[in-house]
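**Student:** The structure's right below; bear with me while I get my questions together.
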């Protein structure tokens, strides 16, 4: 039986935050390292029965990808919001 990993996606500021709850163990490293404090605990529980994280709690995301870099489980992927041509 295959396990499907589906991302929870939320656009916040300059970033599009992809969180894979099936990979997040709730360690909180991303919360500690976010320079704008946009990441906080979610009310949703992850695969280990611990809270997962979500963006949108502090200042808008600056898409620095620090949370993605420190996540030991590769549960976060940050995409930069593309600017529309004017």
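The values are calculated or read from the model by the stated rules, or taken from the named source; none is laboratory data. Small disclaimer: the values here were computed from a predicted structure and weren't measured. Heads up, the Cβs are rebuilt from the backbone with ideal geometry, glycines too, and the neighbour counts pull from every protein chain shown.
**Student:** Just one of (1) within 12 Å of residue 75 (Cβ to Cβ); (2) without any contact (Cβ under 8 Å) to a residue 40 or more places away in the chain; (3) part of a strand (DSSP E or B) trips up residue 26, so point out which.
**Tutor:** (3)
**Student:** Given (1) in contact (Cβ under 8 Å) with a residue 40 or more places away in the chain; (2) part of a loop (DSSP other than H, G, I, E, B), where does residue 5 come up short, assuming only one miss?
**Tutor:** Status for residue 5: all satisfied but (1).
**Student:** If you don't mind, another one. Name every residue in region 66-86 that is touching a residue at least 40 places away in the same chain (Cβ under 8 Å), part of a loop (DSSP other than H, G, I, E, B) and closer than 14 Å to residue 12 by Cα, in order of residue number.
**Tutor:** The answer is 81, and nothing else.
**Student:** Sticking with this structure for a sec: Spot the failing condition for residue 43; the list is (1) at pLDDT 95 or above; (2) over 14 Å from residue 7 (Cα atoms); (3) assigned to a strand (DSSP E or B), and only one is missed.
**Tutor:** The number of the failed condition is (1).
**Student:** Checking the condition in contact with a strand residue (DSSP E or B) (Cβ under 7 Å, 6 or more places away or on another chain), assigned to a loop (DSSP other than H, G, I, E, B) and crowded, with 17+ Cβ neighbours inside 10 Å, which residue from 60, 21 passes? Write out each step before concluding.
**Tutor:** On the way: 60 fails: crowded, with 17+ Cβ neighbours inside 10 Å.
Matching residue, one of 60, 21: 21.
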